[in-house]
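Okay, so here's the structure we're looking at.
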Amino acid sequence: MNTIPPLDLTEQYCTIAADVSTAVLEVLASGQYINGPIVETFAQDFGRYIGSDECVACNSGTDALYLALRALNIGPGDEVITSPFTFIATAEMISAVGATPVLSISI
Ligand SMILES: Cc1ncc(COP(=O)(O)O)c(C=O)c1O
């Protein structure tokens, strides 16, 4: 029987460790941990990478989900279909904007 190997974050990190270390040290040395020019440059670069004129850098995936739902005016009275095979933050942020998460395994 074939098995799907578990996600190996350490192996994944090792492929980019030097770049991550350089970037983290640059942020620490700048003293600007919130917003600032490094975050702005990241947002611009990432926006270009994904082909978008608009890009907002977030401190977490949870905040990104919240902002995306707010940007779409999702709120009370709305239902958002999502997968049950995800992190709790997905349903949590749907609830946080006042909408109802609907867990579905079929599309
Ligand atoms: C699918 C998914 N969504 C959202 C999150 C939340 O991200 P964060 O921990 O950065 O808030 C996670 C975190 O593991 C996740 O796996």
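The values are calculated or read from the model by the stated rules, or taken from the named source; none is laboratory data. Values in this document were obtained by computation on a predicted structure and should not be read as measured data. Cβ atoms come from the backbone with ideal geometry, glycine included; neighbour counts cover every protein chain shown. Just so you know, the surface numbers come from the protein's heavy atoms only, side chains and all, with ligands and any DNA or RNA stripped out. Shrake-Rupley method; radii C 1.70, N 1.55, O 1.52, S 1.80 Å.
Summary of values
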| quantity | calculated |
| --- | --- |
| Members of the stretch 28-40 found to be open to solvent by less than 100 Å² (accessible area, probe 1.4 Å) and more than 23 Å from Glu54 (Cβ to Cβ), listed by number | Leu28, Ala29, Ser30, Gly31 |
| Which listed residue, of Ala64, Ala91, Ala43, is within 12 Å of the ligand (Cβ to nearest atom), in contact with a Cys (Cβ under 7 Å, 6 or more places away or on another chain) and without any contact (Cβ under 8 Å) to a residue 40 or more places away in the chain | Ala64 |
| Residue check, Asp53 away from the ligand (no atom under 16 Å from the Cβ) and open to solvent by 60 Å² or more (accessible area, probe 1.4 Å) | yes |
| Among (1) within 16 Å of the ligand (Cβ to nearest atom); (2) modelled with pLDDT under 95, the one test that Pro37 misses | (1) |
| Matching residues, the stretch 76-107, being more than 16 Å from the chain's Cα centre (by Cα), within 29 Å of Glu40 (Cα to Cα) and surrounded by fewer than 15 Cβ atoms within 10 Å (Cβ to Cβ) | Ala96 |
